[in-house]
1. Looking at segment 243-254, can you tell me whether even one residue there is away from the ligand (no atom under 15 Å from the Cβ), farther than 26 Å from R171 by Cα, outside the structural domain of H376 (by TED's automatic domain parsing) and surrounded by 23 or more Cβ atoms within 10 Å (Cβ to Cβ)?
2. With the requirement that a residue be within 16 Å of the ligand (Cβ to nearest atom) and under 21 Å from K231 (Cβ atoms), what does segment 255-270 give you?
3. Please go through (1) away from the ligand (no atom under 12 Å from the Cβ); (2) farther than 16 Å from P133 by Cα; (3) touching a Lys or Arg at 6+ places or on another chain (Cβ under 9 Å) for L284 and return the number of the only condition it doesn't satisfy.
4. Take the conditions part of a loop (DSSP other than H, G, I, E, B) and either in contact with a strand residue (DSSP E or B) (Cβ under 6 Å, 6 or more places away or on another chain) or over 24 Å from S242 (Cβ atoms) (or both) and apply them to V174. Does it pass?
5. Suppose we filter V198, V203 for residues that are in the same structural domain as L302 (by TED's automatic domain parsing) and either closer than 30 Å to H376 by Cβ or within 16 Å of the ligand (Cβ to nearest atom) (or both); which single one remains?
6. Give A169, A153, A124 a once-over and let me know the one that is assigned to a loop (DSSP other than H, G, I, E, B) and not charged (D, E, K, R).
7. Testing S32 on (1) at negative phi; (2) of a type in the set (G, A, S); (3) without any contact (Cβ under 8 Å) to a residue 24 or more places away in the chain, one condition comes back false. Which one is that?
8. Conditions first: (1) away from the ligand (no atom under 16 Å from the Cβ); (2) buried (at least 22 other Cβ atoms within 10 Å of the Cβ); (3) over 26 Å from H74 (Cβ atoms). I361 passes all but one, so which condition is the exception?
Amino acid sequence: MSRDLPAEDFRTAMHRVADLVADYLEGVGDRSVLPPVSPGDVRRALPAAPPEAPEAIGAILDDYLRLIEPNTTHWNHPGFLAYFSITGSGPGILAETLAATLNNNAMLWRTGQAPTELEETVCAWLAGMMGLPPESRGHINDTASSSSLVALAAARHRLPIDVRVKGLAGRPDVPALTVYCSDQAHSSIDKSAIVLGVGQENVRRIASDGDFRMSVPALAEAVARDRAAGKLPMAIVATVGSTSTTSVDPVPEIAGLCAREGIWLHVDAAYAGAAAICPEYRALMPGIERADSLVVNPHKWLFTPVDCSVLFVRDPALLKGAFSLIPEYLRTGESSDVTNLMDLGFQLGRRFRSLKLWMVIRAFGVEGLRERIRLHCAMARDLAGWIEADPRFELAAPVPFSTVCFRARLAGPPEEQDRFNERLMARINAAGPFFLSHTGLQGRYTLRVAIGNLRTEPEHMTALWELVTKSLEEVAA
Ligand code: PLP
């Protein structure tokens, strides 16, 4: 085959793919969340070399069903409660297929007219849904890691040191740049600092309080100390929905400090930002409207297939200032008020991501999305209540949204308790229907249940709690 699939073969294969996808989604909950494979099993089952001759698409799909589908962790499983659980929902899956069909690359308006304008529109919808200021300008990236990197590059561009042109190396006129975030902030902030020439050493991890929220006095002190030492504060990152506990930093106080000090405020709301579409959860994140930049991942808690991360900025001119660079071959005759998405980040080519967000928002309706987020939070509160009512367990953090941190209580030294909880989690995960992950809180091993999958229902929580208590008894025995 040296041409694309003939139309009829494609149609037949696509019908089979439709069945295969529908069957998978219908039956995913009957599988074990973690596959029964060991490292190297899949590699050994795959041919070492590619085929010289064409292979029939039917045979390739057979192999997909035999080798790929069963041998991966099932993120679309209702029992996937690890990390931040996510969902590739039906409307999102359909959109991914259509986006691949158009194979559009909206680097310029000219190369993707509807995709460019849909992205602007759907980001404005999302800003409105979250109660962000109307001037917020959204731009879709692959992940929050990229969105935060782009935001912090804009923060660096705002400093009067012209890094864009002069770089950072070998410049005695440029002091060390510093970035501030709490000890609960995501590691992507450190990675941005690595990429942007700030350096890990200049990321100030500010202590958080007993509820895992950044201490503002400690933050103010760190900024003052750095200024006195001649360093140049570049950005403060407030986390709204931290990775371990979903704690929310005190954004109004942090925003006040940023305003007084002239420091860029980036809000990492990658997970919890989605909950801002419910007024009662929006109320838990006051001040987010004051951010210079904010990231929210529809691929985390808005049922949009991975990857889809929206970066909102207050002043898109700073993104353009940081990134717009137009080689001759990309010059078009369009007027300057036409958006060329390549101007707003470091990537030229881009996937057509707004289509899936558009289709998800339309198919669920904002009210449907709110309803599911509320149900997730209610399930988390139920689980937290059972944990609190059972003297063999303790809650390890407040539960503002849909993530519950807990551990088994045990007499004995902390290391022994940690090992016990580790064994407890391994036993829960080995059973098959659920997958939990862990974190470290105040140096202690902590189990984490993150409810975010569309298919997770209250009966799953009941079954999980039965498994947790049964596993506790087994491990103790
Ligand atoms: N920020 C927070 C608060 C997160 O929890 C995560 C990942 O879980 C990220 C950023 C990174 O997300 P991504 O995988 O989209 O880069």
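1. Looking through segment 243-254, at least one residue is away from the ligand (no atom under 15 Å from the Cβ), farther than 26 Å from R171 by Cα, outside the structural domain of H376 (by TED's automatic domain parsing) and surrounded by 23 or more Cβ atoms within 10 Å (Cβ to Cβ).
2. L265, H266
3. The number of the failed condition is (3).
4. Yes.
5. Step by step, each of V198, V203 is checked, and only V203 is in the same structural domain as L302 (by TED's automatic domain parsing) and either closer than 30 Å to H376 by Cβ or within 16 Å of the ligand (Cβ to nearest atom) (or both).
6. Every option except A169 fails the conditions.
7. Failing condition for S32: (3).
8. (3)
The values are calculated or read from the model by the stated rules, or taken from the named source; none is laboratory data. Remember, predicted model here, so these are calculated numbers, not experimental data. Positions of Cβ are backbone-derived with ideal geometry, glycine not excepted, and every protein chain shown enters the neighbour counts.
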